[in-house]
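Read through the structure below, which is laid out as structure tokens, and then see the notes.
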């Protein structure tokens, strides 16, 4: 029996340890907030959204790296840490910079 993508995703998320699940929820919230903030600032002024998204994601990566350094989290931990969040925000910032005008 084939499983849908949604079922597979839900099963994968349920298998996460509590710390990783919390870190993933925080990252999702921050990413949505950054996207909303970018749209709120760029659209009324006519600025291109992707370069602004890149800048805001870079700022979020700096904040996540400072958090990871403050809490002395390991780079290769078994669960998700702020270092993983830093890497994800840098990747999104680079992608937005490459795709944008």
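Here's the yes/no breakdown for (1) touching a residue at least 24 places away in the same chain (Cβ under 8 Å); (2) over 17 Å from residue 100 (Cβ atoms):
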site: 38; (1), (2): no, no
site: 52; (1), (2): no, no
site: 64; (1), (2): yes, yes
site: 74; (1), (2): no, yes
site: 80; (1), (2): yes, yes
site: 83; (1), (2): no, yes
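Yes or no, residue by residue, for (1) in contact with a helix residue (DSSP H, G or I) (Cβ under 9 Å, 6 or more places away or on another chain); (2) modelled with pLDDT under 95:
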| residue | (1), (2) |
| --- | --- |
| 22 | no, yes |
| 32 | no, no |
| 47 | yes, yes |
| 51 | yes, yes |
| 54 | yes, no |
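Would you be able to say whether some residue in segment 79-93 is more than 13 Å from the chain's Cα centre (by Cα) and either loosely packed, with under 12 Cβ neighbours inside 10 Å or at negative phi (or both)? Scanning segment 79-93 turns up at least one residue that is more than 13 Å from the chain's Cα centre (by Cα) and either loosely packed, with under 12 Cβ neighbours inside 10 Å or at negative phi (or both). Just to be sure, is residue 41 under 14 Å from the mean Cα position of the chain (by Cα) and surrounded by 13 or more Cβ atoms within 10 Å (Cβ to Cβ)? No; evaluated as a whole, the condition is false for this residue.
The values are calculated or read from the model by the stated rules, or taken from the named source; none is laboratory data. Computed from a predicted model, the values in this text were never measured in an experiment. Glycine gets a Cβ as well: all are built from the backbone with ideal geometry, and neighbour counts include every protein chain shown.
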